[in-house]
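Presented below is the structure to which this report refers.
The values are calculated or read from the model by the stated rules, or taken from the named source; none is laboratory data. The model shown is predicted, which means the values in this text are computed figures rather than measured ones. Positions of Cβ are generated from backbone atoms using ideal geometry, with glycine treated the same way; all protein chains shown enter the neighbour counts. Heavy atoms of the whole protein, side chains included, go into the accessibility calculation; ligands, DNA and RNA do not. Shrake-Rupley method; radii C 1.70, N 1.55, O 1.52, S 1.80 Å.
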Amino acid sequence: MPHHDTIVVGAGVAGLTAARLLAAEGRDVIVLEARDRVGGRVVTDRRFQLVTDMGASWIHGVNGSPVAAAAEALGMRMSEFTVGGYQPDSRPIAHYGPDGARLSDAQARAYVADIHAVDATLVEVIDRSSPDASYRDVTEAALAAQEWDDTRTQRVREYLEHRSEEQYGAWIEDLAAHGLDDDAIDGDEVVFPDGYDRLPRRLAEGLDVRLTHVVSRIDWSDDVSVTTDHGTFHANRAIVTVPVGVLQSADFVISPQLPEPVSTALGRLSMNAFEKVFLRFRTRFWDEDVYVIRQQGPEGRWWHSWYDLTDLHDTPTLLTFAAGPAAEATRDWSEDEIARSVVDQLRRLYGAAVETPTHVHVTDWQDDPWARGSYAYMTLGSTTSDHDDLATPIGDVLHLAGEATWTDDPATVSAAMLSGHRAAERVLGRSVPIPSAWRDL
Ligand SMILES: Cc1cc2nc3c(=O)[nH]c(=O)nc-3n(C[C@H](O)[C@H](O)[C@H](O)COP(=O)(O)OP(=O)(O)OC[C@H]3O[C@@H](n4cnc5c(N)ncnc54)[C@H](O)[C@@H]3O)c2cc1C
């Protein structure tokens, strides 16, 4: 086997970005990828002549986003869809009360004002929190400070639970107090009517990507050996972009073991439980001119938010999420069972107008061996710096990259791209502009 300059493990956005930047500098780089496709957690299903993003959908704020810059340069169509970040009010939302009746505008305004009141105090409460505090602990402290009655408190508490689940796929008591610190949206959010996968597919063009190469072992000392089911590859350096769940598994051995602070950081992150459910209908039965339908109360414990994607393809479409406990509980359910359960909830709100969906798409990231969940979240005791610590260069030959290694906005495609850029710069030993990754495409 030839000795390469750099081996990149994983052909997701982090790995492809790193590989492109190195290749643009004339480095001999190969990418080893377990799947039979590139893109990793950016993947578009095109069955039934429909375009369905099964992994990432959104750019959570286009201002300053390298993903938005790349998408624009690559001519990818984008469609504004702000409220992806579980915002309560940036765009029109139909809020339904626990009894299934839609809140009046005044009621909705009062509810949203309560959410903002809690959020306004939350930052300071989080700053003062103990190192092992949960997101539940800090939100309870912020709620108690409001001195509201039980009903008023409960509906904001429930919103905060759902925010933890929908943003991080984690139950509020399992998420670190700082687990949503990065939860800021800068600019409009957008989605991709022609599919997000165009980004990784374009980034892969011209690269030496070896698909269906499952990496099982990485030995590092002065240089690196990477063992796959197609033999062992050698290089001066490696950039490893596999998800945290793969890094933590016994099927992926790194020898010698990861040193500090990398190993502690890795131990404090965990893959989440977060699945998407897309329902297409023959006719549109829900409220006009809203981006989202939200249901409050115990009936909305699992299915509480439906995103109206109709405008994307002119097909009546709702997207909801099984997030956190709902994803764990429905992990072994069939697509039909999940669709029936979601439709039952919709019928509470819209009655017999709710038809049987014509098409259903449900993801299964929890059982995907190359992802082991959708993205990483901070468990109790974790600090935001764990993300960057995970990317600490190892012996100057091994670099971890990927969404979980970026502190500013982890769990996103931007984080993946920025972490790939950082890893490439560390291998090169100097700065390179990130647009070099798509300049020649
Ligand atoms: C359901 C869902 C919804 C999401 N929504 C959004 C969103 O709206 N907006 C957003 O910005 N982000 C979203 N994300 C997160 C985003 O998709 C990821 O943060 C990003 O794509 C991660 O890129 P990556 O390169 O770090 O990892 P990956 O894309 O996972 O790439 C890692 C690669 O390593 C490969 N690999 C794994 N194990 C091995 C092995 N043993 N040998 C060889 N190769 C291996 C994998 O197959 C994969 O291709 C979502 C993710 C999911 C799953």
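At-a-glance table
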quantity	calculated
Per-residue SASA entry for ASP36, accessible area with 1.4 Å probe, Å² rounded to 10	120
Sparse-neighbourhood loop sites, GluC sites (Glu not before Pro) in segment 135-171 - DSSP loop, at most 10 other Cβ within 10 angstrom	GLU147
Two-site label geometry, ASP194 and THR232: point separation in nm, points 7 Å out along Cα→Cβ	4.5
Gaussian network model of the chain, Cα within-10 Å springs - most flexible of ALA416, ALA250, ALA94	ALA250
Helical mean residue ellipticity (222 nm; -39500 (n - 2.57) per DSSP H run of 4+; nearest 500) of the chain	-9500 deg cm²/dmol
Residue (of TYR159, ALA108, GLY169) at the positive-pole extreme of segment 106-180, dipole from beta-carbon charges	ALA108
Fluctuation leader among TRP302, TRP333, TRP171 - the chain, Gaussian network, Cα springs under 10 angstrom	TRP333
Filtered trypsin sites (Lys or Arg not before Pro), segment 275-307: DSSP coil and at most 12 other beta carbons within 10 Å	ARG282
Rel. contact order, % - alpha carbon contacts under 8 angstrom, at least six apart, the chain	26
Inter-site label distance for GLU147 and ARG210 at 7 Å from Cα along Cβ, in nm	6.8
The chain: most fluctuating residue of SER130, SER164, SER419 per GNM, C-alpha cutoff 10 Å	SER130
Segment 106-180, dipole about Cα centre (Lys/Arg Cβ +1, Asp/Glu Cβ -1), debye to the nearest 20	260
Surface per residue (accessible, 1.4 Å probe) for the chain, Å²	39
Paramagnetic reach from ARG348 in segment 291-314 [backbone N under 11 Å; point 7 Å along Cα→Cβ]	295-305
Accessible area of the chain belonging to carbon and sulfur atoms, whole % at 1.4 Å probe	47
Segment 381-441: mean projected area of Cα convex hull, nm²	4.7
Net charge, HIS116 excluded, C-beta distance under 11 Å - Lys, Arg +1, Asp, Glu -1	-2
Kirkwood-based shape ratio for the chain, expressed as Rg/Rh from alpha carbons	0.98
Qualifying GluC sites (Glu not before Pro) in segment 4-101, DSSP loop, other Cβ atoms within 10 Å at most 16	GLU25
Dipole magnitude of the chain about its Cα centre (Cβ charges: Lys, Arg +1; Asp, Glu -1), debye to nearest 20	1020
